[in-house]
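Just below is one structure, and these are the notes that go with it.
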Amino acid sequence: MALTKVQGEGISGVTISANNEMTMSSQPAFCVNKGGTTQQDIANDGSTNTITWSTERFDQNGDFASNTFTAPVTGRYLLSLHVRINDMDTAPTYYIPNIVTSNQTYRDILDPNFSGDLTYIAQKLTVIADMDANDTAYATMLQSGGTQQSDIDGGADYTYFSGALIC
């Protein structure tokens, strides 16, 4: 069904500018972070650590709660995770950040085979995920082996999880 714009009139929930840019106030979109200096330890036993979020920068449709995004409608969602790891140990086999959805887990992998421990490093993961209504998405981190010394940085500009319905 096509929407027809009448100059000077809006469509409920949809705003179209004079230049035909369209925004939808209930379009699902969120961005969360750890709220400042809060850090989260990463277990080194190969277990998956759910990343916790304390601050919503925005949650446009109210679909993010308890560290989890719940898709309100079926569609394709752009999901992005950025995690800064402090005090990265070089001994683990790998570090794996994950975006876990009801349909699939998306992951990256880093082999920390560096000449010495790192003060910090960032891992990034972005995906267009197929999600049905009521499917969920959340972020995790996994460290396999090494010393349990690494932390997920709490800085809002270093560690965040975001997503939006794109089609």
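Relative to one another, the C-alpha centroids of segment 53-107 and segment 136-167 are positioned 6 Å apart. In order along segment 86-103, the Karplus-derived 3J(HN,Hα) couplings, from 6.51 cos²θ - 1.76 cosθ + 1.60 at θ = phi - 60°, round to 9, 6, 5, 7, 8, 7, x, 5, 6, 10, 10, x, 10, 10, 9, 10, 4, 8 Hz, and Gly and Pro are given as x. Judged by the mean number of other Cβ atoms found within 10 Å, the most tightly packed of the peptides 31-37, 78-84 leads the ranking 78-84, 31-37.
Each of Asn44, Ile152, Ala129 was placed along the dipole of the chain (beta-carbon charges, centred on the mean Cα), and the one lying farthest toward the positive end is Ala129. The share of accessible area on the chain that comes from carbon and sulfur is 47 percent, using a 1.4 angstrom probe. Solvent exposure of segment 14-164, expressed per residue, is 48 Å² of accessible area, with all protein chains present and a 1.4 angstrom probe. Please give the net charge around Gln40, taking every other residue with its beta carbon less than 10 angstrom from that of Gln40, where Lys and Arg add +1 and Asp and Glu add -1. Neighbour charge sum, excluding Gln40 itself: -2. Counting charges near Thr74 (Lys, Arg +1; Asp, Glu -1) among other residues having Cβ under 12 Å from its Cβ returns a value of -2. Evaluated with a Cβ-only charge set (Lys, Arg +1; Asp, Glu -1), the chain carries a dipole of roughly 400 debye about its Cα centre, given to the nearest 20. Dipole magnitude for segment 38-130: about 320 debye, using +1 per Lys or Arg Cβ and -1 per Asp or Glu Cβ, origin at the Cα centre.
In the chain, Rg over Rh equals 1.09, where Rg is the alpha-carbon radius of gyration and Rh the Kirkwood radius from pairwise Cα distances.
Close amide H partners of Ser102, meaning residues 5 or more places away or on another chain with modelled amide H under 5 Å apart, are Thr136.
Sequentially through segment 143-155, phi angles give Karplus couplings (6.51, -1.76, 1.60; θ = phi - 60°) of 10, 10, x, x, 8, 7, 10, 7, 10, 8, 5, x, x Hz, Gly and Pro residues having no value and appearing as x. Net charge of the neighbourhood of Ala156, taken over other residues with C-beta under 13 Å away and scored Lys/Arg +1, Asp/Glu -1, is 0. Short-range pairs are left out: with C-alpha atoms under 8 Å and at least six residues apart, the relative contact order of segment 14-167 is 38 percent.
The values are calculated or read from the model by the stated rules, or taken from the named source; none is laboratory data. As the structure is a computational prediction, the values presented were derived from the model and not from experiment. Note that we place each Cβ from the backbone using ideal geometry, even for glycine, and neighbour counts take in every protein chain shown. The protein model used for the area step is the full one, side chains on, heavy atoms only, and it has no ligands, DNA or RNA in it. Shrake-Rupley method; radii C 1.70, N 1.55, O 1.52, S 1.80 Å.
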